[in-house]
Each structure stands twice: as C-alpha cells, then as structure tokens.
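The values are calculated or read from the model by the stated rules, or taken from the named source; none is laboratory data. Treat the numbers as computed from the prediction; the structure is a model and nothing was measured. Using ideal geometry, Cβ is built from the backbone for each residue, glycine included, and neighbour counts are taken over all protein chains shown. All accessible areas refer to the heavy atoms of the entire protein, side chains included, with ligands and DNA or RNA removed. Shrake-Rupley method; radii C 1.70, N 1.55, O 1.52, S 1.80 Å.
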Amino acid sequence: MNEALTRPAVVSRISDLIGYTPLFELCRSDNGSRLLLKLEMYNPTGTAKIRMARAMVDAAEAAGELRPGGRIIESTSGNTGLGLSVIAAERGYTFTAVVDNHACSDKLRGMKALGTELVYVVDDGTEELATAAREELAEDMARGQDNTIFTEQHNNPANGVGYFPVAHELHQALDGQIDILIGAVGTGGALCGTTRELRKLVPGVKTVGVEPKGSVAFGGPAHDYYQSGTGTPEGAGIGALVDFDLIDEGVKVGDVEAFATCRAVARTGLLIGGSAGGVVHEALTRLPSLPPGTTMVALINDGGEKYMDTVFNDDWMNDRNLIDPATEREIDETLTKLREN
C-alpha cells in the first residue's frame, strides 16, 4: 500500500512518521532473483530502532511503570538512544543514555541535541565496546528510583513487538511474495520480531541472521570489532530476544567486508550504515545461487550519514587497517554485473 494512503497528510508528532519505509531493488541475478532493501533510514532519526523505542515506552506506560515527568535510562551505542530521545522529548520525560566511545560521534551529538543526558561508562577516550559495563551502570542508576525505568533493550519483549509492523509492511508491499529475510542480529529485536510476525503471514519465509566476526551469538572466537549497534561482544550476554528457533541460519561478516560493501554501495548513490554493509555483503554473496525468481529482503537498519567520520573516512579506516581495495573492487564488480540484469 502506498505510504500516502496510510498516513495523514499532516501529523503533529514526529513519532507519527515512523514506519512504511520504502523498499528499494538494489540488484537482481540473471535468473530473476532480486535483492530488495528495506530502507529503515527513512524513519525519524534515520534508524529502525525508533520503532522499538516507542514500543518500549508504550509498554512501560501501560504497565504503570512510567508516569508523567518520569525518567528513562538506557544503555545504547547510539540508534536506540536517538529513538528514545525523540519519544522522551515528545512525552515530557527525562532521558539518560549510558554510552561509550565506540558509538559514532554523530549519534552521540544527535542525542545531546535532542536534550538527552549522556553518561559515559568510560571517560578515557578508548573506543572499546563496553556493552556489559554500560548495562550494569544503567541498571544501577535506575534501581530504587521512583518513576524511573531502565528500558533494557536486550531483554525487553516490547523491543521485538516494535518490529511487528515491519512484517505487515513487507507482506502488504510484496503481496506476500517474500522468500528470504536477512538482517543484522544485535538485540535480536528487529530480525526476530519481524520474523515472528511475518511467519504468521508467510509461513515459509527463511530467515538469515548476520553478526560481525568477533561477536559470539553464533559462536566464537570472540574479538573486537568496529561494526556498531550490532552483535554480542565478549562478556555481554546474548539478549533474550535472539530466538534461535526463528533464525534458520546464522553467519558472520568481518569489518573489512562490511565496510567495503558500504563504500561500494555508496557509489550506486545509496549510503548505508556499517552493520547494514555486513547484511548486504552476505546477501550479494547468496543472490547468484538462489532459485529462479527468489525475493530476498535485507533489513537496512540505518543509513550511512552517521558514519562519515568512520566507515567513509579514509584516515580512520587506514588507521585501523580496515581498507582493502581488492575487496572493494570485487564488490563493485559484483554490484555492477547484478545491476545490469
């Protein structure tokens, strides 16, 4: 269904603009299989995670845990925090984001601009991902405080519920013709939440989860990685929303391949985020060998605009040995060939 037919021409809240994000055909194979991108950067804040931010606050209000004038606390690498910043601003809540320097600076600046209080779990400038420490601090800050909630995105059922509309949007837009859903696995909310609802509509859909090499949801070995907002780093528990019964196959993509894909896709005119690069890399690898006429949908959880200082910055990439010209050329060639079909 066309977005214009499902939403009022004028809205009075930014959150009313959530959803009905477009599908873009990136490429197709010579047997008619196609890769469609669900462009979640067209949500407010440029990310899918505002969907679950709203759902978590709705659930807390419905349970009486959050009342007018209350405070929200969350551990975030950026995109969830941006979503909660908008919802808190709309509804008059105070929002405190517990962060580390692994997050892209534009995300941190964006949260601050929206009125969010930033609390750094480490203040020495290190870029290491500190998920476990962030969550421990956020939980401690909320404990025993009146009218204060730690939304705890990794274990909050409302996270997954927030993505149920994605399933209906895909089903409606494609008339149920979707064979494979592929997406990043961080909290598990986006991929597993979408899959849970989509299988009620399209029972045979296959789901492929993608995490960074170094993440541990699909096994080790564990090591540091630079893809932000995704994966399960060493020392952090796998979120309750990562439902392995809903994921048919779990795969890993390294930072070099993920970021090379972002940079190659940018040369087609589309900017996608770092973890989305990993998803698209895996999708491109699979596309030529799919059965004729297969429709594969990749969840693109955010755009590339927030990564100008990292993924799209040659100095930052070179300093971390993340640039591989041969890999970029290979992806460029693959995209060029597939886009000619």
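Express the relative contact order of region 199-267 as a whole percentage, based on alpha carbon pairs under 8 Å and six or more residues apart in sequence.
36 percent.
Beyond 30 Å between alpha-carbons counts as too far, so tell me which of Lys200/Lys337; Lys107/Lys337; Lys49/Lys213; Lys49/Lys206; Lys112/Lys206; Lys112/Lys252 fall in that bin.
Lys200/Lys337; Lys107/Lys337; Lys112/Lys206; Lys112/Lys252
Residues with amide H under 5 Å of Ser75's amide H, sequence separation 5 or more or different chain, H placed in the peptide plane at 1.01 Å from N; which?
Val98, Glu152, Gln153
With every protein chain left in place, what is the accessible area per residue of region 1-109 in square angstrom, probe 1.4 Å?
Per-residue value: 38 Å².
Hey, what does the equivalent ellipsoid look like for region 179-306, semi-axes from the Cα gyration tensor as sqrt of 5 times each eigenvalue, largest first, whole Å?
That gives 21, 20, 13 Å for the three semi-axes.
With a 1.4 Å probe and all protein chains left in place, how much of the accessible area of region 287-341 comes from carbon and sulfur atoms, in whole percent?
Carbon plus sulfur share of accessible area: 45 percent.
Can you tell me which of Met52, Met317, Met41 moves the most in a GNM of the chain? Springs connect C-alpha atoms under 10 Å apart.
The residue that fluctuates most here is Met317.
Ranked from highest to lowest mean number of other Cβ atoms within 10 Å per residue, what is the order of the peptides 326-332, 300-306?
Ranking, from highest mean packing down: 300-306, 326-332.
Can you bin region 293-333 into rounded, prolate or oblate? Criterion: square roots of the alpha carbon gyration tensor eigenvalues sorted a ≥ b ≥ c, rounded for a/c under 1.5, prolate for a/b above b/c, oblate for the rest.
Cα axes put region 293-333 in the oblate bin.
Determine how many Å³ per residue the convex hull of the Cα atoms of the chain encloses.
133 Å³
Using θ = phi - 60° and the Karplus relation 6.51 cos²θ - 1.76 cosθ + 1.60, list the HN-Hα couplings for region 73-88 in order, rounded to whole Hz, with x at every Gly or Pro.
10, 8, 8, 8, 9, x, 5, 4, x, 4, x, 5, 4, 5, 5, 4
Per residue of region 156-169, what does 6.51 cos²θ - 1.76 cosθ + 1.60 with θ = phi - 60° give for ³J(HN,Hα)? Whole Hz please, x for Gly and Pro, Karplus curve as stated.
So the J values, rounded to whole Hz, are 9, x, 5, 3, x, 4, x, 9, 4, x, 4, 4, 5, 4.
Out of region 133-230, which trypsin sites (Lys or Arg not before Pro) are coil in DSSP terms and have no more than 15 other C-beta atoms within 10 Å?
The qualifying sites are Arg143.
What share of the DSSP beta bridges in the chain is antiparallel, in percent to the nearest 5?
So the antiparallel bridges in the chain amount to around 20 percent.
Can you give the helix-only mean residue ellipticity at 222 nm for the chain, where every DSSP H stretch with n ≥ 4 adds -39500 (n - 2.57) and the sum goes over all residues, rounded to the nearest 500 deg cm²/dmol?
The per-residue figure over the chain is -11000 deg cm²/dmol.
Over region 46-155, what is the mean sequence separation of C-alpha contacts under 8 Å (at least six apart), divided by residue count, expressed as relative contact order in percent?
The normalised contact order for region 46-155 reaches 32 percent.
Within 10 Å of each candidate Cβ there may be at most 14 other Cβ atoms; applying that plus a DSSP loop requirement, which GluC sites (Glu not before Pro) in region 23-89 survive?
Glu65
Using packing as a proxy for protection, rank 31-37, 234-240 so that the peptide with the highest average count of other Cβ atoms within 10 Å comes first.
31-37, 234-240
Compute the helix-to-body angle for 274-286: its Cα long axis versus the longest principal axis of the chain, expressed 0 to 90° and rounded to tens.
30 degrees
Let a ≥ b ≥ c be the square roots of the eigenvalues of the Cα gyration tensor of region 1-155; is it rounded (a/c under 1.5), or, if not, prolate (a/b larger than b/c) or oblate?
oblate
Please report the antiparallel percentage of DSSP beta bridges with both residues in region 1-144, rounded to the nearest 5.
35 percent
Determine the per residue accessible area of region 253-341 with all protein chains present and a 1.4 angstrom probe, expressed in square angstrom.
Result: 41 Å² per residue.
Relative contact order for region 173-306: what is it in percent, counting Cα pairs under 8 Å that are at least 6 residues apart?
This gives 29 percent for region 173-306.
In whole percent, and with a 1.4 Å probe on the protein chains, what portion of the accessible area of region 60-179 is carbon and sulfur?
46 percent
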